[in-house]
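Visitor: Have a look at this one before I ask anything.
The values are calculated or read from the model by the stated rules, or taken from the named source; none is laboratory data. Since the model is a prediction, treat every value here as computed from it, not as a measurement. Here the Cβ is made from the backbone with ideal geometry for all residues, glycine too, and neighbour counts use every protein chain on show. Surface accessibility is based on the protein's heavy atoms, side chains included, excluding ligands, DNA and RNA. Shrake-Rupley method; radii C 1.70, N 1.55, O 1.52, S 1.80 Å.
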Amino acid sequence: ALPEPFQGSPRIRAAMASPTASPTARAKPGTPAGSPTAAARPMSQSSTARPMSRSSTAGAAQGQEPEDDQGSVPAYIKTSIDLVCKDPTRRDYALKATGDYGRALLFASPDLQNDRELVQRACQNDGWTLQFASEDLQGDTELVQLAAEQDYRALRFATRAFLADRAQMLEAVQRDGRALECASAELWADRGLVLAALGQCGLALRVADEALRGDREVVLMAVRQNGFALQYASEELRGDKEVAYAALSQSSLALPYVSEELRADREAWLRAAPARGAFWSSREQMLEETRREPGLLPFLSEALQEDRELVLGAGAVDPDALSLAPESLRADAEFMLKAAAQDVRALRHAAPEVLADRDIVLRAVENNGVGLEYASDELKGDRDVALRAVDSRGLALAYASEACRVDREVVLRAMAQQRSSIAFAADEQRADKSIWLYNGGGPPKEDLLGRMHETLAYFETLREPTFRITAVATADSDDEF
């Protein structure tokens, strides 16, 4: 969950809330633009996009027909297509039509689709026109490069041989790193080629071979170019501090992709939202925030992490927040006694030397005997410490050593405070009937003759003139009597 103070960042909030594509998702050469794989995580570049012709803007840049304000096909597209359709074999018609709308080449004859000059003119207008060229021209290096200059995705329409040619693809990715997604799968494992692509577009890591997504140098180059590329790194590298910090310094949107352990790291958050540093240094703000959410303690400035009042306030809300306190405070006996006075469970986070200090433990169990649970093993066997603990809380007997739980006095004093504490006594004491029935003493002696006289006196108070006591009892033994 996103801590409240970071909810002021819309970009972080959006990144935490949005579903993401699987890091293993790959684009394949020839995959249609609208397919799930191609659209799963579109790559973008930080550099300024080059100008495009009117037919390559808006929807055309996404592989769709551009539309006018009314949602209908623009007039120049209709005019261009109509012109070619009048006579698909006329070169002059095709030249004029593709000059305005390159994709009108679709309606030209096969001979014209194999006309290099015509196709070159059309690709200058719209790189996606390459898909309508003849297969021979789709392997023409100059034409393919021309089309890719307009839109790297035009490479999808190049021949398999071109996409498997390392030299050609190296030139393409150096021009636009996103072109790597169009290369053959074999080239996705080419370390040099992938590094060249990542220098232009870090998000090209998405299609890199799995081994390269676990290569520290490769991933570092990707996240330094685009921090969002961290989502495609191996799980191990997403937990690497240098890699994660580099990604977060480049883009706060990388935060959801760092390892769970690093998401609890103050430095990671500050790299994701450096402007929040002042917020974490405000004592007034932090007194309020940590009382509402004690788990924020690690994000405070170093000075505030040492603030006793602030840490005690967080510990009063959740004693386990003391686990996030600096070692210096957890080793401070007086501080831990104050924390334990608020909630004895705070002692579980005290430093070992505090829990081995007899005087400190005696003071702690006197306030709440259950604190004996956190004492050192040696002090749990200290009879005086155990007696002090059970005098405060009988149930503290559960945390005493075996020797103390056999001690009759310790058990009886625990029972005097809480009778149910007998459940924690040693077997020998739990089997003692006198402890269960008479708190360790013997059964009371009955004065049978005295009880008889009390009974007769009681009946005397009830006697009326019409009644007379005449009964006589005899007995052969005291038991019968």
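Visitor: Consider only pairs whose beta carbons are under 6 Å apart and that are at least six residues apart or on different chains; among these, list those whose first residue lies in the range 203-220 and is over 9 Å from residue 188 (Cβ atoms) and whose second residue is open to solvent by less than 10 Å² (accessible area, probe 1.4 Å) and not in a helix (DSSP H, G or I).
Guide: These pairs meet every condition: 213/233; 219/233.
Visitor: Which of the residues belonging to the range 95-109 are in a helix (DSSP H, G or I) and either over 18 Å from residue 123 (Cβ atoms) or not hydroxyl-bearing (Ser, Thr, Tyr) (or both)? Break it down stepwise before answering.
Guide: First pass over the range 95-109, keeping only residues in a helix (DSSP H, G or I): 95-100, 102-107.
Listed by number, the residues that qualify are 95, 96, 97, 99, 100, 102, 103, 104, 105, 106, 107.
Visitor: Identify, please: which residue in the range 425-437 is open to solvent by less than 80 Å² (accessible area, probe 1.4 Å) and in a helix (DSSP H, G or I) and is, among those, modelled with the highest pLDDT?
Guide: Among them, the one singled out is 429.
Visitor: Also, quick follow-up: Which is touching a helix residue (DSSP H, G or I) at 6+ places or on another chain (Cβ under 8 Å), open to solvent by 40 Å² or more (accessible area, probe 1.4 Å) and of a type outside the set (A, V, I, L, M, F, W, C), of 168, 200?
Guide: After applying the criteria, what remains is 200.
Visitor: Considering only the range 70-94, state which residues are part of a helix (DSSP H, G or I) and open to solvent by 30 Å² or more (accessible area, probe 1.4 Å).
Guide: Selection gives 75, 76, 78, 79, 81, 82, 83, 85, 86, 91, 92, 93.
Visitor: Can you name the residue in the range 288-299 that is of a type in the set (D, E, K, R) and either outside any helix (DSSP H, G or I) or touching a residue at least 40 places away in the same chain (Cβ under 8 Å) (or both) and, of all such residues, is most open to solvent (accessible area, probe 1.4 Å)?
Guide: In the first step, residues of the range 288-299 are kept if they are of a type in the set (D, E, K, R); the result is 288-289, 291-293.
Going one step further and asking which of them are either outside any helix (DSSP H, G or I) or touching a residue at least 40 places away in the same chain (Cβ under 8 Å) (or both), we end up with 289, 292-293.
On the way: 289: 16, 292: 127, 293: 91 Å².
Residue satisfying both the conditions and the ranking: 292.
Visitor: Let me ask something else. Is it the case that the range 177-184 has a residue that's farther than 20 Å from residue 135 by Cα and open to solvent by 40 Å² or more (accessible area, probe 1.4 Å)?
Guide: Looking through the range 177-184, at least one residue is farther than 20 Å from residue 135 by Cα and open to solvent by 40 Å² or more (accessible area, probe 1.4 Å).
Visitor: In this structure, does residue 264 turn out to be of a type in the set (A, V, I, L, M), modelled with pLDDT under 80, under 26 Å from residue 289 (Cα atoms) and open to solvent by less than 30 Å² (accessible area, probe 1.4 Å)?
Guide: no
Visitor: Another question, then. Please go through the range 300-327 and give me each residue that is farther than 17 Å from residue 265 by Cα and outside any helix (DSSP H, G or I), ordered by number.
Guide: 306, 307, 318
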